[in-house]
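Bear in mind these aren't lab numbers, they're just calculated from the coordinates by the rules spelled out. If you're wondering where the values come from, they're calculated on a predicted model, not measured in any experiment. Using ideal geometry, Cβ is built from the backbone for each residue, glycine included, and neighbour counts are taken over all protein chains shown.
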Amino acid sequence: MSQRNDTAHIFVGSDRSQLLAVKVLEYSIRRHTDLEIRLRSMHDLDLPDPQDPRQGKRTGFSFTRFAIPQLMGHQGRAVYLDADMLVFRDFRELWELPFDGHKVLIQEELPEEAQKRADGGKRIKQCSVMLLDCAALDWDPAKIIAGLDGRYTYEDLLYHMCVLREEEVGYTVPFAWNSLETYEPGRTGLIHYTDMNTQPWVNPANPNGWLWLEEVRRMIAEGALSIAEIEQEIALGHFRPSLAVELREIGEGPAKPVTQEDARRFQKIDDEAGYKRHAAVYESARRRKQAVQEYEAKLAREAGTGAMAAHAATGALREGTGALRRVVGALRRAFR
């Protein structure tokens, strides 16, 4: 592992609908650092799916992070980010975190207040910000994906990094560098708009959406982005129609937190235009659900009731093994 490196290699998990969000993220990173930035959106990365659709990707980029060491020629360090993020501090703070013998660094335990979603659900710790020691990772993404056909589950792979031993994972990325739907002025380094249905480009009511709008306003003012590009994304159904209206009303800015009255007004514009948030993503989820149903029906026909019971027992054992590993990992971290 090389020491100080003033070129930050950043790989972003995204799909076509998020390419403009990637552009905003990159602008926010560059605006706060003197690091040389080499950023790649992995929306065009062609990776296989597991044969078992129950363990298939949940987004178009779910498995792309496992290709990063290979893309780096298994040399140096790299950072993985999701597209739905915005940066407020010097990226060097994240980039220069020490590995201290670990191969991957991911997020520390979430503060209790960050675990609560707006819909009442509970967020879990994420691997959506990762620092990778590419020289120490011999990952082959095709082989890792193949492991989803019986060796481990999607949850074990994406949430618990089961392809690494517990001691190879460092839980040292501060919450400030993956602040889930949370912003504290002067403290937050990176906000993650992780609740998909409230992302500011699809929902006018996100209480922290004005931060993203302000970044877009800056870009437009500096010629780094145009209203025409925004309107193109709206025409493709990727962004909400009210976004162009809101940006024009902000004018020379700065953007401010949206009022409930304005949020309702913008939402009405979107409703009247027939806009559906993340329509392509939900259509993909519908197709995946159908594929899972067809796959399970095929298993039932081919294997019969007895074999299906054995298959279920194997799955339960695999889940139990994964759960035990997670408990052991939590205990190790608690007593460090």
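The table that follows gives values for the structure above.
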read-out	value
Column: log10 I(q)/I(0), Debye, Cα scatterers of segment 116-270, q = 0.21 Å⁻¹	-1.29
Inter-centroid distance (Cα atoms) of segment 11-46 relative to segment 164-183, Å	20
Kirkwood Rh and Cα Rg combined as Rg/Rh, segment 237-309	1.38
Stokes-Einstein D in µm²/s, Kirkwood radius over Cα pairs - segment 1-69 at 4 °C with 1.567 mPa s viscosity	94
Förster radius 25 Å - calculated FRET efficiency between Glu214 and Glu261, Cβ distance, rounded to 0.05	0.80
Cross-link pairs beyond the 28 Å C-alpha cut-off, checked among Lys256/Lys276; Lys103/Lys298; Lys143/Lys276; Lys57/Lys276; Lys276/Lys298; Lys103/Lys289	Lys103/Lys298; Lys143/Lys276; Lys276/Lys298; Lys103/Lys289
Local net charge near Ile68, Cβ-Cβ under 14 Å (Lys/Arg +1, Asp/Glu -1)	+1
Potential lengthening between His32 and Tyr282 on full extension [0.36 nm per residue; Cα-Cα distance subtracted]	86.5 nm
Segment 170-224 - convex hull of alpha carbons, volume per residue in Å³	106
